[in-house]
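Working notes, structure below.
Readers should treat all values here as calculations from the given coordinates under stated rules, not as data from a laboratory. Everything numeric in this text was worked out from a predicted model, so none of it was measured. Neighbour counts are summed over all protein chains in view; Cβ atoms, including those assigned to glycine, are modelled from backbone coordinates with ideal geometry.
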Amino acid sequence: MSEGEGAHFYRQGALDTSHKAILYLEDLNVSFDGFKAINNLTLYIDAGELRCIIGPNGAGKTTMMDIITGKTKPDSGKAFFGQTIDLLKLSEPEIANAGIGRKFQKPTVFESHSVAENLELAMKGDKRVWFSLRAQLNGEQQALIDETLQTIGLSEQYHKLAGALSHGQKQWLEIGMLLVQKPYLLLVDEPVAGMTHQEMDRTAELLKSLAGKHSVVVVEHDMEFVRSIANKVTVLHQGSVLAEGTMDEVQQNPRVVEVYLGE
Amino acid sequence: MLAKSRARIGVALILLFFSIAAVWAETDPTWNQASSLFKQASFDKTREAADLLAASSDPQAPLALKALLEGQLYQHKQNDSLAVLADGNSLDASTGQALSALNKDDYRKIPINNTLRKYLRSKLGGLSLSSSDPKVRLASTIGLLETVTPEQLPQLQDLLSKETDSQVKDALYLAIQLASLNSSDKASKLSALNALEGNLNPIVRNKLTILSSDADSEIAKAAQTTLRSIENKVALNGQLETLFFGLSLGSVLVLAAIGLAITFGVMGVINMAHGELIMLGAYTTYFIQKLMPNYLDYSLFLAIPAAFVVSGLMGILIERSVIRHLYGRPLETLLATFGISLILQQLVRTVVSPQNVPVSNPSWMSGSLEINSVLSLTYNRLYILAFSLLVFAILYFVLRNTNLGLQVRAVSQNRAMARAMGVRSARVDALTFGLGSGIAGVAGVALSQLTNVGPNLGQSYIIDSFMVVVFGGVGNLWGTLVAGLSLGVINKFLEPWAGAVLAKILVLVFIILFIQKRPRGLFPQKGRAAGD
Amino acid sequence: MLISQILKNDRGGQIMLAVLAAVLLVVPVLNLVVSNTSPLHVPTYLVTLMGKYLTYALLAVAVDLVWGYLGILSLGHGAFFALGGYVMGMYLMRQIGDRGVYGNPELPDFMVFLNWKVLPWFWQGFDMFWFALLMVLFIPSLLAFVFGWLAFRSRVTGVYLSIMTQAMTYALMWAFLRNEMGFGGNNGLTDFKDILGFSLQSDYTRVALFICSGLALAIGYLLCRYVINSKLGRITVAIRDAESRTRFVGYKVEHYKVWIFTFSAMLAGVAGALYVPQVGIINPSEFSPLNSIEIVIWVAMGGRATLYGAVLGAILVNYAKTVFTGLMPESWLFMLGALFVLVTLYLPQGLAGLWNTLKTNFGRKREVAA
């Protein structure tokens, strides 16, 4: 794959979501040493939707994210972004440039860079080597950084090293990095782990405000949090979809109860 | 070589005959007749005398003929008595008794020529062919092969019909075929050519090469066919030999790498001093041999546990003093252990000697196992091959089936969890590292039997060992075994057409490229955990 | 000015380059102008020794760029250094002309000795200085590019990569030991006479080479600093700290790695090319894995990810090597070994890190006192 190919998606600037859905996962299968992590998984995410995905440990949530972002290649199945982009043929950076952003379960920021530099690095733009050598922040980009720092409440920490932030602040910074990437689809893995209630509320607010402009997929364990943000919830179990619906619907689903409460 | 070994057989025969012959020693008239014939100093008369002796039943007679053939039969200038004068021991030819205080100038050597030599050889062959000792029979049959003539055919057939020993039978059969090749009868020539198909004896090959340009085209063609079949078989044996050398090299690689497979593969520790732990094992062998110079044959049995302990303790010392502080920082571990390797090397140079030290092979390791006349496997390589498999099996068992093995695997998979389950991870780390290092020491014992033992011994194996572990797939003992053996075999098969150095380079390049294709080696550890 | 822009936040670099500039000005004067009876006279062998250190320092800067900033512990940079050296050696061999032992106007001595009749194709053109210079830049970079492209594309990282780089230089060592390779086998290339028509024995040539080494170091340093200050540099560090995160924000990590690695190899090649005319020989031992790993300890000792630390480390360790191999040859390997252990255990940030820690502590104390 040449660099140009990876870069052309954002230049084109258009993602074909004419059939309403932005992400298509069909009949995906992945196994590790005989263990089926993903088992005939089929899932659709609509453009502008905020979807929560829950499920017990080992249900395949993280592996699913790995497939979408190109980290893991499935043994079989299809994964399309919009109508035209075959995710299985792209590498991680190509997928990122196509417009899928990801926040990891464990917050990973660039620890030896300042908060502002973290945003600069994540920002949407030409990400080729030669361009990077000469790149300077223009006024517009600078404004975007300031704005985003406002949104995530880290304006005060502009010059602070990201490694010196608290756990919650790192979570926020990572969300900020997602925002400046301007993705169509955000994959957010456990965004509120280790956050205080207050921080959680703010996160919920932020994620809700993102929906509409972006599609957001949130994987979360905290049921209260999920209830506070989700319209639609998907329950994963043993690598496939167990139930789908509103929070109330899935909570009354006997199979879900069985899985979560054990008999 | 061949001549020398034949001479040795001759001497053996002489000694053997003497021991038997010394029992009944009385002069019989044959000897007097022979003496007078010899005295006339003509080749014809000598031949007559030889016939006389050959016909006699005197047990000393073959001996005298043998001596005559070897140019060791002398006649006293005055009293005509015959004597065998070899270096150091002189005997009376007729009685077999030792002669003391004799003056060589009193004797005259009985001259012979090539015709006579050939004649004598066939005579003698015939004589010892009927010896009661199968070893003697075998030796004399083999001695006969080169010169066998069609005239001997009836005698050989007769012997074959009486022979009971299978080895001698084979040799006689071969002699008969070779004799038929020399005959003038075309049919028997052709049938012999047929029968010799696939025979690996070099004499046969020489003969066939001559015959393949025979004037008779039919014979030449048959000889060529047979020769080709033989050459194919020789080539096959050559391949087998290369395979053996490859497996032998591979077993050395496995031995050198298997300790590393534990410290690197299981613990994730890059130990650049691994080669020096091997070296320590080799030096332990040297010191053990120095301590018990009279029991060299048993020295290795003591050296193996001793090397295990020496290198193992050194490993534990390294782990406790340095590596322990660097867990989770593999690159730093690499540098620190490299420093240790430099110190250990220099230590050996300063304390022992910068030169190589001599380590001897016990007698049971020398010699070789002869499969056929073109393929023989040396015992030291065979033993080391077996030894490396044994070490592998033991290690595999230890890791699979013992409590220590269980704890090692637990710590290597999830340190925090293992600790929470009550595994004393520090102790397990030290023991695991000691185990890996001890195995390196044992490898050193084996290596001391194959290569020079010097301060640089370890250095020359460290990169190869890492290659084996990485190629096989880190954390997989089977991978190390397969990788080591296959790299050894690949290397040896490349050598004939690429040369040793280029073969080594090619193997390195091959591994580098292979790792690009499959970064986790032949047998990768799969799973989500392996991804990070 | 551009230079001051580059060195804006680099105190260590400013000091280092100032000292370097002073040395480059003073030493030639002390060698060429001051009479050799004066106690201030610097003998030529010392100038050459310092020139050698400067080439080592450039090599160390190259290693620091990939290790300190990109997180790739290369145990094969000695190979790029040696390749640059061989290229320069080929030029110098061709300059010997018919003054060799065998007096062959075209073929170097070792080829005559091997009974070769014609100059191999890969020796063509090396009689031209500009071509040789181009190759000094090109050959090591090409190897780095191909190796890096293969390795980084398949995501060989960490110790695996280190071992692979080591295998690379090891394989090259064996290859260059072969006479058939056409690079003089075990003996390598030596007996050089002159460079650009100037005798390598003359004081002026030696001083000129010394100055060139210093300038190359300065330029190499500034280039590296420029790269590190750029967004490219920040991405490089991001890759070092969180490689997969960098991928997920859309950077093709392998491209970045290949370019930095190749650039670093080019610097190493230049260092090698300057090294060879000063020491007068290049042979396969330069490819030995020990050499490559020694460079790493220079960087570790000086303090990685500082660049100036690499310069400091290279000069200090090599000075110590010169002194101790002279005084007690036996002791040097003990000391080098101990250095590896002690630096990794007790001085993970190197001397530069130690200095910064001391400075911070001292500063804090002063603040408290005030």
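Of the two radii for the stretch C:45-317, the radius of gyration is 0.99 times the Kirkwood radius, both from the alpha carbons; that is the Rg over Rh value. When the P(r) is computed for the stretch A:101-194, the part past 15 Å accounts for 57% of the Cα-Cα pairs. Label positions at A:Asn138 and C:Gln5, each projected 7 Å from the Cα along the C-beta direction, are separated by 1.9 nm. Candidate cross-link partners of B:Lys189 among the aspartates and glutamates, defined by an alpha-carbon separation under 17 Å and a same-chain spacing of 8 or more, comprise B:Glu146, B:Glu151, B:Glu197, B:Asp214, B:Asp216, B:Glu218. Among residues other than B:Asn403 with Cβ under 13 Å from its Cβ, the summed charge is +4 (Lys and Arg +1, Asp and Glu -1).
The angle between the Cα long axis of helix B:153-162 and the longest principal axis of the Cα atoms of chain B comes to about 60 degrees, rounded to the nearest 10. Using +1 at the Cβ of each Lys and Arg and -1 at the Cβ of each Asp and Glu in chain B, identify which of B:Ile340, B:Leu120, B:Val234 lies farthest towards the dipole's positive end. Among B:Ile340, B:Leu120, B:Val234, the one farthest towards the positive end of the dipole of chain B is B:Ile340. Which log10 I(q)/I(0) values does the stretch B:250-375 give at q = 0.09 Å⁻¹ under the Debye formula, counting every alpha carbon as one identical point scatterer? Each listed q maps to, in turn, -0.34.
Using a simple spin-label model with pseudo-atoms 7 Å out from Cα toward Cβ, B:Phe287 and B:Lys109 lie 5.6 nm apart. With contacts taken as Cα pairs under 8 Å and at least 6 residues apart, the stretch B:245-531 reaches a relative contact order of 38 percent.
Axis of helix A:167-180 versus longest Cα principal axis of chain A: the two differ by about 80°, to the nearest ten degrees.
Remark: mean inter-chain Cβ contacts per residue of C:320-332 equal 1, using a 10 Å Cβ-Cβ cutoff to other protein chain atoms. Estimated from the Cβ-Cβ distance and a Förster radius of 25 angstrom, the FRET efficiency linking A:Asp126 and C:Asn229 is about 0.85.
Placing unit charges on the Cβ atoms only, positive for Lys and Arg and negative for Asp and Glu, gives the stretch B:245-531 a dipole magnitude near 1000 debye about its Cα centre.
The helix-only estimate of mean residue ellipticity at 222 nm for chain B, built from DSSP H runs of length n ≥ 4 each weighted as -39500 (n - 2.57), is -22500 deg cm²/dmol after division by the residue total. Counts of other chain beta carbons within 10 angstrom of each beta carbon in peptide C:234-242 average 6.
Expressed as a rounded percentage, what relative contact order does chain B have, with Cα pairs under 8 Å and six or more residues apart? The value is 15 percent.
Ellipsoid semi-axes for the stretch A:3-261, based on the Cα gyration tensor and the rule √(5λ), read 30, 23, 16 Å when sorted largest first.
Along the axis of the charge dipole computed for the protein assembly as shown (Cβ charges of +1 for Lys and Arg, -1 for Asp and Glu, origin at the Cα centre), the listed residues B:Ala86, B:Gly328, B:Ser56 are led at the positive end by B:Gly328. Each of C:Gly182, C:Leu40, A:Val250 was placed along the dipole of the protein assembly as shown (beta-carbon charges, centred on the mean Cα), and the one lying farthest toward the positive end is C:Leu40. Each Cα pair under 8 Å and six or more residues apart adds its separation to the average, and for chain C the resulting relative contact order is 30 percent.
What is the local net charge at C:Phe126, summed over the other residues whose Cβ is closer than 12 Å to its Cβ (Lys, Arg +1; Asp, Glu -1)? Residues near C:Phe126 contribute -1 overall. Strictly greater than 14 Å: what percent of every Cα pair in the stretch B:445-532 meets that? More than 14 Å apart: 69 percent of the Cα pairs in the stretch B:445-532. When Rg and the Kirkwood radius Rh are both evaluated on Cα atoms of the stretch A:26-133, their ratio Rg/Rh stands at 1.00. Determine the alpha carbon to alpha carbon distance for each of A:Lys103/A:Lys232; A:Lys106/A:Lys182; B:Lys104/B:Lys135 and list only those over 29 Å. Violating the 29 Å Cα-Cα cut-off are B:Lys104/B:Lys135. From least to most packed, judged by other beta carbons within 10 angstrom and beginning with the fewest, C:Trp130, C:Trp355 follow the order C:Trp130, C:Trp355. Here, chain B has an Rg and a Dmax of 32.7, 104 Å when only alpha carbons are counted. Arranged from fewest to most other beta-carbon atoms within 10 Å of their beta carbon, C:Trp67, C:Trp116 become C:Trp116, C:Trp67. Label sites at B:Ser213 and B:Ser460, each approximated as a point 7 angstrom past Cα along Cα to Cβ, lie 4.3 nm apart. Other residues with beta-carbon under 13 Å from the beta-carbon of B:Leu172 carry, at +1 per Lys or Arg and -1 per Asp or Glu, a net charge of -1. Rounded, prolate or oblate: pick one for the stretch A:149-212, where a ≥ b ≥ c are the square roots of the eigenvalues of its C-alpha gyration tensor, a/c under 1.5 means rounded, and failing that, prolate if a/b is larger than b/c, else oblate. Oblate, because a/c is 1.5 or more while a/b does not exceed b/c. Give, to the nearest whole percent, the P(r) tail of the protein assembly as shown beyond 53 angstrom, counting all Cα pairs. In whole percent, the share of Cα-Cα pairs in the protein assembly as shown beyond 53 Å is 43. Net charge dipole, the stretch A:3-261: roughly 300 debye, given to the nearest 20, about the Cα centre with Cβ charges of +1 for Lys and Arg and -1 for Asp and Glu. Applying 1/(1 + (r/R0)^6) with r as the Cβ-Cβ distance of B:Leu99 and C:Ser285 and R0 = 60 angstrom yields a FRET efficiency of 0.35. Seen from all directions on average, the stretch B:245-531 presents a Cα convex hull projection of 16.1 nm². Among the residues of A:92-99, the average count of other protein chain beta-carbon atoms within 10 Å of the residue beta-carbon is 5. A simple charge model with +1 on the Cβ of Lys and Arg, -1 on the Cβ of Asp and Glu and nothing else charged puts the dipole of the stretch A:1-156 at about 320 debye relative to its Cα centre.
By the count of neighbouring beta-carbon atoms within 10 Å, fewest first, C:Phe145, C:Phe80 end up ordered C:Phe145, C:Phe80. Across the alpha-carbon atoms of the stretch B:353-443, the computed radius of gyration and Dmax are 19.9, 64 angstrom. Taking Cα atoms only, the orientation of helix C:11-28 departs from the longest principal axis of chain C by about 30 degrees. Here is the P(r) of the stretch B:79-219: all C-alpha pair distances, binned every 10 Å from 0, give 10, 32, 27, 17, 10, 3, 0 in whole percents.
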